[in-house]
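Visitor: Have a look at this one before I ask anything.
The values are calculated or read from the model by the stated rules, or taken from the named source; none is laboratory data. Everything numeric here is computed off the predicted structure, so don't read it as measured data. All Cβ positions, glycine included, derive from the backbone under ideal geometry; neighbour counts span all protein chains shown. Heavy atoms of the whole protein, side chains included, go into the accessibility calculation; ligands, DNA and RNA do not. Shrake-Rupley method; radii C 1.70, N 1.55, O 1.52, S 1.80 Å.
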Amino acid sequence: MNYQEEQNNEFEALESIYSEELEVLSRTAPIKFQIPVKSEEYDGEAGTGYACTLKFTYTERYPEEPPEIEIEDMEHFGDEDEIRLKDHLIEQAESILGEVMVFTLVSAAQEWLSSTWDNAKKSAEDERERRLREEEEAEHKRFEGTLVNPETFYAWKAKFDAEFAHLKASRQKDTGKLTGREMFMVDKTLIESDLKFLEDSEDSKPFDDDNVKVEVDEDLFKDVEELDIGDEEFSDSD
């Protein structure tokens, strides 16, 4: 194979295909040139998509061995994207050794950039949706409160009883007495005694809604008949 002839023929074809993009770095052996590539959704001003420049150098035995490939002017690349793209291009080159391959490698790079950008965009969208769901769930829980089932109720009750027992012991140790609230919480019969007191009060009240009732102690007036009240003390003055 005439390597120089193969290289010159491919180089002329590439200059025709990429007439506006291809930049010649050296026309003499080894021939060097670079071609910019970008993903389909690339927009430099908007900051979307991927872009870079591929620099090719023909080796002495190209195309029976891969050209030297360098990646420069990377835009929006992640930390490992340069390595991953170069590995991808070397793999593509080794699969078609013996054939001129720069056009194929440029096309493979464009496809890789587009696919990688699509995956990165989807991952970013998934992450935004995940954060949004978490925020919505947190907001919902804030208003909803904690759902109670038998297990959570008994767990809460056990904790409450233990805390109250500790509080009761501390109070008794310090003062020897319980507060009214603590007595109420300890002895639930106090509820019934309070209710009984209210019921008794209702039954004995001197007034109802329809009639006025006055309860009179008759013993207070048992000696009235013994009083000597003369008729002359009562007369019509007018």
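Visitor: Being in contact with a strand residue (DSSP E or B) (Cβ under 7 Å, 6 or more places away or on another chain), open to solvent by 60 Å² or more (accessible area, probe 1.4 Å) and either on the phi < 0 side of the Ramachandran plot or outside any helix (DSSP H, G or I) (or both) is the requirement here; does Glu94 meet it?
Guide: Judged against the criteria, Glu94 is not a match.
Visitor: Across segment 21-78, which residue is least open to solvent (accessible area, probe 1.4 Å) among those that are part of a loop (DSSP other than H, G, I, E, B) and β-branched (Val, Ile, Thr)?
Guide: In this case the residue turns out to be Ile31.
Visitor: For segment 97-145, enumerate the residues that are part of a loop (DSSP other than H, G, I, E, B) and among the hydrophobic types (A, V, I, L, M, F, W, C).
Guide: Within segment 97-145, Leu97, Val100, Met101 qualify.
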